[in-house]
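Since every read-out is calculated from the coordinates, none of them should be taken as a lab result. Predicted model only: the values in this text are computed from it and were never measured. Cβ placement follows ideal geometry from the backbone for every residue including glycine, while neighbour counts extend to all protein chains displayed.
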Amino acid sequence: MQLSDLATSMGGSIRVLKVSFTYADFNTLSTSSGTAKNLAITKANGVALSLLAGSKVLGVALNPTVAFSGGSISALTLSLARNGGTPAELMTAQTIAATTYYEAAVFKSIAHADFGLMVTVTPTSDALSALTAGAVDLYIYIVGVSTPSA
């Protein structure tokens, strides 16, 4: 998994987080067929990503760059939520098949204390451990409405 904080042309008001996943991020999560697994989004140093309380998630985009495959897996579903939150509260489960681009307007406000993000990944017909190929970029568009304490 690789997290990038992309620059914007709006003076930094809107953050675009790019999280890149490959099959290697998922294939160690489960050896059970069809089992959904959660994966916290972390920074490059392995520390969990933390967004400020009151932040708004404006939208989410999925850009598969390599189709997921291995064993009898033909696709995965991916959803987005805050850590400890209701599964798919920020993005409902979307099928990642082939290299089809997906985008959703979300506009969700998170009224909790600082929070992290997690994805839930579910294989279609085999265990995640069967994955041998695949890559997807997840873009999360965020407006931070609070400021960190000094």
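A few comments on the model shown:
- Of Leu76, Leu51, the sequence from fewest to most neighbouring Cβ atoms within 10 angstrom is Leu51, Leu76.
- Unit charges on C-beta of K, R, D, E only; dipole of the range 2-143, Debye: 220
- Working from Cα pairs under 8 Å separated by at least six residues, relative contact order for the range 2-143 is 41 percent.
- Translational diffusion of the range 2-143, estimated by Stokes-Einstein from the Kirkwood radius over alpha carbon pairs at 10 °C in a medium of 1.306 mPa s, is 104 µm² per second.
- Listed by Cβ neighbour count within 10 Å, with the fewest neighbours leading, Glu89, Glu103 appear as Glu103, Glu89.
- Amide H to amide H, with H built 1.01 Å from N, Leu90 comes under 5 Å of Leu80, Ala81, Arg82, counting only residues 5 or more places away or on other chains.
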